[in-house]
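Scroll down for the structure; my scribbles are underneath it.
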């Protein structure tokens, strides 16, 4: 198995968090995913893409087919990635405003999301972000994004035992193992879409 992974290309994943808070649990999931790729999940590199500098979508900002520099830099990061990891909080049964804004900017012509693999993880109360994930999947249909179906990752962040520390870092080992399973599924699906395995 190790030899197989070593012979396959390194998958570049753009990780996007729908929360702008530094101590966000969802951002903590991305930090944990990055740690896992350095420790036990080989063949993947995850880059966290900060969406907070993006202006609200306004097509008046598009001039002669060009975008503001911060938007163009974001679009290039999305275009260059092999696949995506969305950390998707749930606000009012749906995705957050900042996440939808980032998605919309990258979908402007040409749509740079198209025909790539993606996975979703969520940490929230109650359903763990399930309703927001389903909305994100619906958005992905139009964007031609291909989401990993299983395993799903909905983490009830407030159910004992504690899942996160006060800085929003994931500390629950069982939750880390489930996150690892999502990453492995994303890697396998990305390679399949690329026709590599």
Looking only at region 87-125, how many residues end up being more than 30 Å from residue 64 (Cα to Cα) and within 15 Å of the chain's Cα centre (by Cα)? 12
In the set 154, 147, 164, the lone residue that is under 14 Å from the mean Cα position of the chain (by Cα) and more than 28 Å from residue 76 (Cα to Cα) is 154
So, residue 41, is that one within 23 Å of residue 175 (Cα to Cα) and either modelled with pLDDT of 95 or more or not in a helix (DSSP H, G or I) (or both) or not? yes
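What about residue 181, is it crowded, with 20+ Cβ neighbours inside 10 Å, farther than 26 Å from residue 107 by Cα and within 19 Å of the chain's Cα centre (by Cα)?
So residue 181 does not fit the description; no.
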Considering each residue of region 169-197, count those that are touching a strand residue (DSSP E or B) at 6+ places or on another chain (Cβ under 9 Å), part of a loop (DSSP other than H, G, I, E, B) and either farther than 29 Å from residue 114 by Cβ or at pLDDT 95 or above (or both), and give that number. 2
Of the residues in region 168-197, how many are farther than 22 Å from residue 40 by Cβ and touching a helix residue (DSSP H, G or I) at 6+ places or on another chain (Cβ under 8 Å)? 0
Check region 107-117 and report whether any residue there is over 22 Å from residue 163 (Cα atoms), assigned to a helix (DSSP H, G or I) and either modelled with pLDDT of 95 or more or touching a strand residue (DSSP E or B) at 6+ places or on another chain (Cβ under 6 Å) (or both). yes
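The values are calculated or read from the model by the stated rules, or taken from the named source; none is laboratory data. These numbers were taken from a predicted model, which means no experiment stands behind them. Positions of Cβ are generated from backbone atoms using ideal geometry, with glycine treated the same way; all protein chains shown enter the neighbour counts.
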